[in-house]
Amino acid sequence: MPANKKHLESSIIQRILKITAGLFGGFLVSTTFHMFLMYFFPSHPIYTTMFVTGYVLWTVLFIMAFIIGNGYKIWLAYIVLTLVFYSPYLIAPIHT
């Protein structure tokens, strides 16, 4: 049974924005979120569980990219989240 046309995205730009936000933006948010946790907590347990939780978080963010209406808002939210999660490394980098 084909999808109802009124529920499909009519703009090709919005489709591209949502797909790229889900793929690349979701990956960046997922990775920087785990880096954020590793900044404040011991990194070995987080790094070990990151293989599973990273994919789960990435999948959730990918699905959320299609649920939220506007592709520009999704990219803005994912960029802001990426900068927030990466900000401890920008403010006070760890020198090991």
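Please work out if PHE85 is modelled with pLDDT of 90 or more and assigned to a helix (DSSP H, G or I).
yes
Determine, yes or no, whether LYS18 is of a type in the set (D, E, K, R) and open to solvent by less than 50 Å² (accessible area, probe 1.4 Å). Write out each step before concluding.
Details: of a type in the set (D, E, K, R): yes; open to solvent by less than 50 Å² (accessible area, probe 1.4 Å): yes.
Yes.
Restricting to the stretch 42-76, and then to whatever is of a type in the set (Gly, Ala, Ser) and open to solvent by less than 50 Å² (accessible area, probe 1.4 Å), can you tell me which residue is farthest from SER30 (Cα to Cα)?
GLY71
Just give me the residues in the stretch 18-74 being touching a Lys or Arg at 6+ places or on another chain (Cβ under 8 Å) and under 20 Å from TYR86 (Cα atoms), in sequence order.
ILE74
Considering each residue of the stretch 77-87, count those that are surrounded by 15 or more Cβ atoms within 10 Å (Cβ to Cβ) and in contact with a helix residue (DSSP H, G or I) (Cβ under 8 Å, 6 or more places away or on another chain), and give that number.
Of the residues in that region, 5 qualify.
Is there any pair with a first residue in the stretch 56-71 that is assigned to a helix (DSSP H, G or I) and a second that is open to solvent by less than 70 Å² (accessible area, probe 1.4 Å) and of a type in the set (Ser, Thr, Tyr) whose Cβ atoms are under 7 Å apart and which are 6 or more apart or on different chains, and what are they?
Pairs found: LEU57/SER30; TRP58/SER30; LEU61/SER30.
The values are calculated or read from the model by the stated rules, or taken from the named source; none is laboratory data. Everything quoted here is computed from the prediction, not taken from an experiment. Methodologically, a virtual Cβ is constructed for each residue, glycine included, from the backbone with ideal geometry; neighbour enumeration extends over all protein chains shown. Keep in mind that these areas ignore ligands, DNA and RNA; they rest on the heavy atoms of the full protein, side chains included. Shrake-Rupley method; radii C 1.70, N 1.55, O 1.52, S 1.80 Å.
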